[in-house]
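A.B. asks: Got a structure for you, written out below as structure tokens; questions coming shortly.
The values are calculated or read from the model by the stated rules, or taken from the named source; none is laboratory data. Since we're looking at a predicted model, the values are computed, not measured. Positions of Cβ are generated from backbone atoms using ideal geometry, with glycine treated the same way; all protein chains shown enter the neighbour counts. With ligands, DNA and RNA removed, areas are computed over all heavy atoms of the protein, side chains included. Shrake-Rupley method; radii C 1.70, N 1.55, O 1.52, S 1.80 Å.
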Amino acid sequence: MGSERGNMKHLIASSFLVVFLLTSSLALMNTSYSHPLGGSVGTQSIHVDVFRGMVSIQDSNVLSEWDGVLDYKNALLVAKLYSKMACVLAKMDQDTFPTLDDITKALDHHALKHYPSTRGLTYTVLPSRVKNLPQYGMPIKDMCREVPTYFAQQQKEGTALAVDPDSCSEVQLLSFMGLSICGEIPGL
């Protein structure tokens, strides 16, 4: 009976140690940062998940409300434009976007004003609709499931834009990058 009680105490102590170590290691794996940014009209909330290589943006600016995901692991950009009730999905040129580390440092130090502003990038909405959203990951699928999603293509710098400038939606990523998403959304 005494040895069973000793074994039980050893088992319980071992179990507590395993739970403690597992909890600590899981906490280290989920490295994420969230920081609300105030804007002149509305706010932008940014969530960085370093482990998954994702940045989520919610911009509640009444003039240009949008949500977005930057998926650095798959080099994808998705923006849900509330004014158009549609999502656009594009390849992200990681050479022109701030790195995940830049965004994390900016949020950690609240030093967004110290980052130089980049030229705005222009994306043209293509008429082809995304047919299989789940293949692009759950965050993108969840964001765009209730609205049509279209592919978009980044315009090369210096090429003439053959769309009506009034069809462009301007979105701001943090304080250092502006994006223009231009073109008519089919069916709207």
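A.B. asks: Select from region 169-188 the residues that are at negative phi, part of a loop (DSSP other than H, G, I, E, B) and either at pLDDT below 75 or surrounded by fewer than 18 Cβ atoms within 10 Å (Cβ to Cβ) (or both) and list them in ascending order. Can you show your working first?
C.D. replies: As a first pass, look at region 169-188 and keep what is at negative phi: 169-173, 175-182, 184-186, 188.
Going one step further and asking which of them are part of a loop (DSSP other than H, G, I, E, B), we end up with 175-176, 184-186, 188.
If the condition is that a residue be at negative phi, part of a loop (DSSP other than H, G, I, E, B) and either at pLDDT below 75 or surrounded by fewer than 18 Cβ atoms within 10 Å (Cβ to Cβ) (or both), then Ser175, Phe176, Glu184, Pro186, Leu188 are the ones that fit.
A.B. asks: For region 47-69, give me each residue that is within 12 Å of Met143 (Cβ to Cβ) and either polar (S, T, N, Q) or at pLDDT 90 or above (or both).
C.D. replies: Met54, Ser56, Gln58, Trp66, Asp67, Gly68, Val69
A.B. asks: Of the numbered conditions (1) in a strand (DSSP E or B); (2) out of contact with any helix residue (DSSP H, G or I) (no Cβ under 9 Å at 6 or more places or on another chain); (3) open to solvent by less than 10 Å² (accessible area, probe 1.4 Å), Gln44 satisfies every one except a single condition; which is it?
C.D. replies: (3)
A.B. asks: Here's something else I'd like to know. Right, Thr96: open to solvent by 10 Å² or more (accessible area, probe 1.4 Å) and modelled with pLDDT under 80 or not?
C.D. replies: Details: open to solvent by 10 Å² or more (accessible area, probe 1.4 Å): yes; modelled with pLDDT under 80: no.
The answer is no for Thr96.
A.B. asks: Quick one: Lys80 ticks every box in (1) assigned to a strand (DSSP E or B); (2) open to solvent by 60 Å² or more (accessible area, probe 1.4 Å); (3) of a type outside the set (A, V, I, L, M) except a single one, so which number is it?
C.D. replies: Among (1) assigned to a strand (DSSP E or B); (2) open to solvent by 60 Å² or more (accessible area, probe 1.4 Å); (3) of a type outside the set (A, V, I, L, M), Lys80 violates only (2).
A.B. asks: Sticking with this structure for a sec: Can you report the number of residues in region 118-138 which are more than 16 Å from Met92 (Cα to Cα) and either in contact (Cβ under 8 Å) with a residue 24 or more places away in the chain or in a helix (DSSP H, G or I) (or both)?
C.D. replies: Within region 118-138, residues that are more than 16 Å from Met92 (Cα to Cα) and either in contact (Cβ under 8 Å) with a residue 24 or more places away in the chain or in a helix (DSSP H, G or I) (or both) number 7.
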